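The values are calculated or read from the model by the stated rules, or taken from the named source; none is laboratory data. Here the structure is a predicted model, which is why all the values come from computation and not from measurement. Note that we place each Cβ from the backbone using ideal geometry, even for glycine, and neighbour counts take in every protein chain shown. Protein only, heavy atoms only, side chains kept; ligands, DNA and RNA dropped before computing areas. Shrake-Rupley method; radii C 1.70, N 1.55, O 1.52, S 1.80 Å.
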Amino acid sequence: QVQLVESGGGLVQAGGSLKLSCAASESFFSLNHMAWHRQAPGKQREFVASITRGGTTNYADSVKGRFTISRDNAKITVYLQMNSLKPEDTAVYYCYALTSLGTPQWGQGTQVTVSS
């Protein structure tokens, strides 16, 4: 089963930036798409951004223009560059992968805290 390891979370002031990383245990050839989701305290987990193996990206309206999802095929790693961070972005961010066989997998999550 594919394993996902996240890193890059931390504490940052509003307006600052962070870059999250998600390293996968298998090639992107077997992964239909990768995504980032987040869950704030007391809220449901929500979609943030995704990228398919063909390079198509999608973003939640709340992060469009501020966040960028990308990948490095050689490192089998997906990134989430987060700029102009807001306190509302505070959440645990989870990496997600869907294999070509339809099997979903989640990372362990990494905390992002944005202070005002």
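For the range 97-113, enumerate the residues that are surrounded by 15 or more Cβ atoms within 10 Å (Cβ to Cβ) and in contact with a Ser or Thr (Cβ under 8 Å, 6 or more places away or on another chain). Reasoning before the result, please.
Let us first name the residues in the range 97-113 that are surrounded by 15 or more Cβ atoms within 10 Å (Cβ to Cβ), namely 97-99, 105, 107, 109-110, 112-113.
T99, Q105, T110, V112, T113 - these are the residues of the range 97-113 that are surrounded by 15 or more Cβ atoms within 10 Å (Cβ to Cβ) and in contact with a Ser or Thr (Cβ under 8 Å, 6 or more places away or on another chain).
Select from the range 27-54 the residues that are at pLDDT below 90 and not polar (S, T, N, Q) and write down the one among them that is surrounded by the most Cβ atoms within 10 Å (Cβ to Cβ).
Among those residues, the one meeting the criterion is L31.
Any chance the range 3-21 includes a residue that's open to solvent by less than 30 Å² (accessible area, probe 1.4 Å), part of a loop (DSSP other than H, G, I, E, B) and at pLDDT 95 or above?
Yes.
Just to be sure before I move on: is L85 open to solvent by less than 50 Å² (accessible area, probe 1.4 Å) and among the aliphatic types (A, V, I, L, M) in the structure I sent? Steps first, answer last, please.
Values: open to solvent by less than 50 Å² (accessible area, probe 1.4 Å): yes; among the aliphatic types (A, V, I, L, M): yes.
The answer is yes for L85.
Quick one: in the range 63-82, which of the residues that are of a type in the set (A, V, I, L, M, F, W, C) and in contact with a Phe, Trp or Tyr (Cβ under 7 Å, 6 or more places away or on another chain) is surrounded by the fewest Cβ atoms within 10 Å (Cβ to Cβ)? Before you say what the answer is, go through the steps one by one.
Start the filter on the range 63-82 by keeping residues that are of a type in the set (A, V, I, L, M, F, W, C), which leaves 63, 67, 69, 74, 76, 78, 80, 82.
Next, only the ones that are in contact with a Phe, Trp or Tyr (Cβ under 7 Å, 6 or more places away or on another chain) stay: 67, 69, 76, 80, 82.
Details: F67: 21, I69: 21, I76: 18, L80: 27, M82: 25.
Ranking the candidates gives I76 first.
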